[in-house]
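See structure below.
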Amino acid sequence: QVQLVESGGGLVQAGGSLRLSCAASGRPFSGYAMGWFRQAPGKEREFVAAWSGGSTTYADSVKGRFTISRDNAKNTVYLQMNSLKPEDTAVFYCAASSQMATSPTGFGSWGQGTQVTVSS
């Protein structure tokens, strides 16, 4: 299977930016659709963004602020987050799927998560 490792989380003030990274190994990077999800304490894991075959999709709450991208040479997917808001605070997870999906059940491989905290 594919192994995923997230990094880049941290503490940032409202209006600031962070870039999350998800490094993949174990399978050819091009063979997977990649997604980002987030989960706040006591809340369900929710879809944030996904990339597959050059196509991207975003949750309405992050459109215009977040951008998903990939670097094939590094087998890495990124999530650039701008204009961060306190409500973005959550553990962010990277996930891999055999096809494009926006539900957690559509992704079979998950990273360990990275904490993003946005202060006001």
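Per residue, segment 10-109 exposes an accessible area of 49 Å² to a 1.4 Å probe, with every protein chain left in place. Sites counted here are trypsin sites (Lys or Arg not before Pro) in a DSSP loop (not H, G, I, E or B) having no more than 13 other Cβ atoms within 10 Å; the longest part of the chain that contains none of them is 64-120.
Beyond 17 Å, how much of the Cα-Cα pair distribution for segment 5-64 remains, as a whole percent?
Of all Cα-Cα pairs in segment 5-64, 54 percent lie more than 17 Å apart.
What a 1.4 Å probe finds exposed on the chain is 45% carbon and sulfur by accessible area, rounded to a whole percent.
Both radii come from the Cα set of the chain: Rg as radius of gyration, Rh as Kirkwood radius; their ratio Rg/Rh reads 0.94. Each residue of segment 75-83 was assigned a 3J(HN,Hα) from its phi angle through the Karplus expression (A = 6.51, B = -1.76, C = 1.60, θ = phi - 60°), giving 6, 10, 10, 10, 10, 7, 10, 10, 6 Hz with x at Gly and Pro.
The values are calculated or read from the model by the stated rules, or taken from the named source; none is laboratory data. Worth saying up front: this structure is predicted, and the values here are computed from it rather than measured. FYI the Cβ positions are ideal-geometry reconstructions off the backbone, even for glycines, and counts take in every protein chain you see. Accessible surface areas use protein heavy atoms only, side chains included; no ligands, DNA or RNA. Shrake-Rupley method; radii C 1.70, N 1.55, O 1.52, S 1.80 Å.
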